[in-house]
Amino acid sequence: MPMSSSIHHLLGAVPEPLRPEAARRYAAHGPALHSCLHRLYGEAHGFEQWYGSLLSAVGELHGARGVELAALDTARAAQPDWFLGQQMLGYCGYVDRLGGDLRGVAARIPHLQELGVRYLHLLPFLKMREGENDGGFAVASFEEVDPRFGSNADLEALTGKLRSAGISLCADFILNHVADDHDWARGAREGDERLRKFFHVFPGRSQADSYERTLGQVFPQAAPGNFTHVPALDGWAWTTFYPYQWDLNWSNPEVFAAMAATLLRLANRGVEVFRLDSTAFLWKREGTNCMNQPEAHLILQALRALASIAAPGVLLKAEAIVPMRELPAYFGQPAQPECHIAYHSSLMAAAWGALAEQDAALVRSVVAGTPPLPPNASWLSYVRCHDDIGWNVLRAEASEAGDPQARLAAISRFFAGANGSFARGEAFQSSDPHAAHGSNGMAASLAGLEVASDVEAETLALRRLLLLHGLVLGFGALPVLYMGDELGQANDYSFRQRPDRAMDSRWLQRPLLDEQRFSERHDSSTQAGRVYAALRALVAARQRIPALAAGEPRALLPSAPPVLALQRGPGFLALYNFSGKPQPFTLQGHWSDTIERRTLSGEITLAPWAMQWLLRDN
Ligand code: OTU
């Protein structure tokens, strides 16, 4: 369909005053949108008609955007690098664990402001499956907030309050699957042929088996296999994650249209950043691991083009937990951009690996393998999140010295507390001691704070916590703090008493915000107070250092094996000692320590597990 005819569908649905702007945006992003969708669905019967009705829906959603959000769209279009500065800081938590419900989250805004937070990722809060729901990652309805957390009106009120406080709300957009009690799944079970096609359902086991030969497993213990027999479907449903999370069939254009409208409706409720959950899994191809397929990228590029047309203020964030070589593709190409932000899970895992190995080799090779960012894009760096630390993204880096499986398995055992380790965590989903899958635990527990019984041990654990946070804050990314880490909160073992959670040790790192520690945060005679003060000093220093913005180039300097020496731009140097022994480092020229505010030059000694941020003196 020529541009001129498809644009009528869009403009026809947009109120008159918005038409010139809609036409401009379509001229800029329509060609990419059409091209991606044509490559995905061009063979389908009635493609152009389908495309026209998609554009009508998009036009209506553009029209419904609201004055404040439209102003945000304009401001961000004028400054597309708004999220790349060194002032940008994220925070991530569960609604119930942070504030009870959405109103309680609003009451935490002063805490977020005190920390310097400008982006809040609230873990899933839409209506979730009854019973087990993978922490909300099994969505029963995208159209309503989970009643336990409040209403859609509460969500809109919260996004407004956050916006006034200069904080963008990030929400999960769980687009790979829905819960088995979502209307689409119910309808399919009740025999609706149209809805059955929203999913991948195989009548017999043989097709499932032939895919299964090359598929990996996300939860090999708690949810082995990738298919679930559903008697009401008289077939096998594709379920990459838990059996109650049914993978959507994105090769069906109806799924694309339904999900695209869902995304734009949430954007109109004030969600500013979408964490695109499990993006790597969207497209299935027999004979592959069904991850990172070219069509998955086309889907994301099409969603980006749609957002650029109807809600250009929003950001898309790829949650693709994949090896480094697969990750840059999630930013797309200049003519066909994809996500604005991508989780750097290799950096996160390598930092923990280096801590266990007392050698910075893994981080150095991840840094060396991290390509420069395209314009107006950023990595997302983090110390911990609600998921396990997945070791397998590091296979390539770990193979540079020794057997990668053995190396990663040793790291995993270390975090499970083996051989007198300071760490208190658990291996995730892996019963084979010779293989590594993931590790769970709160940062403080993994770094040794949970077992620290004297001042000396606590000092060292605190340094390790800061070392990792320093790396994440200084790397050149949007750093996201994980709720509770700012207070040094330890593991929560209570999940073991809950039959619906006991099989999933990721609950170790999902505690309630500890009110006691929270009330002690300004008291340096308490452990929480010491963690909080040290972390805030790092955040404050970062805000003053433009070289720590996301796009500033980085270079590795030669150092002793346990040390990571990371230069940012010409005038900033970060030193991180990943070992329990003092380490030497030779400085070229004169430098000032930004935290301790002293001048340094020549041969210096890094204390065990210490980090230093240095600015070159003029
Ligand atoms: C994501 O994560 C979520 O972060 C998890 O909390 C969910 O359980 C999962 O999706 C299903 O919605 O594959 O590409 O190894 O890292 O499950 C991302 C555990 C994922 C997570 C993995 C995951």
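Of note:
- Pairs are defined by a Cβ separation below 6 Å, a sequence spacing of at least 6 or placement on different chains, a first member in region 385-396 that is more than 13 Å from Q509 (Cβ to Cβ) and in the same structural domain as P433 (by TED's automatic domain parsing), and a second member that is near the ligand (Cβ under 6 Å from one of its atoms) and not small (G, A, S); the pairs so defined are G390/I321.
- Pair list, Cβ < 7 Å and 6+ apart or interchain, from region 296-312 residues that are on the phi > 0 side of the Ramachandran plot to residues that are of a type in the set (V, I, T): none
- Counting the residues of region 340-378 that are within 16 Å of the ligand (Cβ to nearest atom), of a type outside the set (A, V, I, L, M) and closer than 30 Å to P80 by Cα gives 4.
- Consider region 519-536 and keep the residues that are open to solvent by less than 50 Å² (accessible area, probe 1.4 Å) and not aliphatic (A, V, I, L, M). The one that is nearest to W613 (Cα to Cα) is Y532.
- Among the residues of region 1-43, the ones that are small (G, A, S), within 21 Å of E254 (Cβ to Cβ) and surrounded by fewer than 16 Cβ atoms within 10 Å (Cβ to Cβ) come to 1 in all.
- Number of the exception - H590 against (1) buried (at least 20 other Cβ atoms within 10 Å of the Cβ); (2) over 28 Å from P375 (Cβ atoms): (1)
- Any hit, region 94-110, residues being out of contact with any helix residue (DSSP H, G or I) (no Cβ under 8 Å at 6 or more places or on another chain) and open to solvent by less than 20 Å² (accessible area, probe 1.4 Å): no
- Boolean, R97 is part of a helix (DSSP H, G or I) and either farther than 27 Å from W507 by Cα or without any contact (Cβ under 8 Å) to a residue 40 or more places away in the chain (or both): no
- For region 476-508, a residue qualifies if it is over 16 Å from the mean Cα position of the chain (by Cα) and of a type in the set (F, W, Y), and the qualifying residues are Y493, F495, W507.
- The residue that is farthest from the ligand (Cβ to nearest atom), counting only those in region 406-443 that are modelled with pLDDT under 95, closer than 19 Å to P220 by Cβ and of a type in the set (S, T, N, Q), is S431.
- Of all the numbered requirements in (1) surrounded by 19 or more Cβ atoms within 10 Å (Cβ to Cβ); (2) part of a loop (DSSP other than H, G, I, E, B); (3) free of Cβ contacts under 8 Å to residues at least 60 places away in the same chain, T240 misses one, and that requirement is (3).
- Checked against (1) over 30 Å from K161 (Cα atoms); (2) touching a residue at least 24 places away in the same chain (Cβ under 8 Å), A223 passes all but a single condition, namely (2).
- Residue in region 460-473 that is at pLDDT 95 or above and within 16 Å of the ligand (Cβ to nearest atom) present: no
- Residue within region 252-259 that is over 30 Å from G438 (Cα atoms), within 16 Å of the ligand (Cβ to nearest atom) and not assigned by TED's automatic domain parsing to the domain that holds A188 present: yes
- Tabulated pairs, region 345-363, first at positive phi, second more than 16 Å from the ligand (Cβ to nearest atom), C-beta under 7 angstrom, 6+ apart or interchain: Q358/P562; Q358/F578; Q358/S579; Q358/G580
- Residue, most open to solvent (accessible area, probe 1.4 Å), within region 537-570, restricted to residues that are of a type in the set (G, A, S) and within 18 Å of E603 (Cα to Cα): S559
- Among all residues of region 284-299, there is at least one that is crowded, with 19+ Cβ neighbours inside 10 Å and more than 16 Å from the ligand (Cβ to nearest atom).
- Of note, E319 does not satisfy the criterion of being open to solvent by less than 20 Å² (accessible area, probe 1.4 Å), in contact (Cβ under 8 Å) with a residue 24 or more places away in the chain and more than 16 Å from the ligand (Cβ to nearest atom).
- Those residues of region 593-617 which are among the acidic types (D, E) and open to solvent by less than 20 Å² (accessible area, probe 1.4 Å), in sequence order: D593
- So Q221, is it more than 14 Å from the ligand (Cβ to nearest atom) and either open to solvent by 40 Å² or more (accessible area, probe 1.4 Å) or under 29 Å from F47 (Cβ atoms) (or both): no
The values are calculated or read from the model by the stated rules, or taken from the named source; none is laboratory data. Small disclaimer: the values here were computed from a predicted structure and weren't measured. When we count neighbours, we look across all protein chains shown, and the Cβ atoms used for this are built from the backbone with ideal geometry, even at glycine. For accessibility, only protein heavy atoms count, side chains too; no ligands or nucleic acids. Shrake-Rupley method; radii C 1.70, N 1.55, O 1.52, S 1.80 Å.
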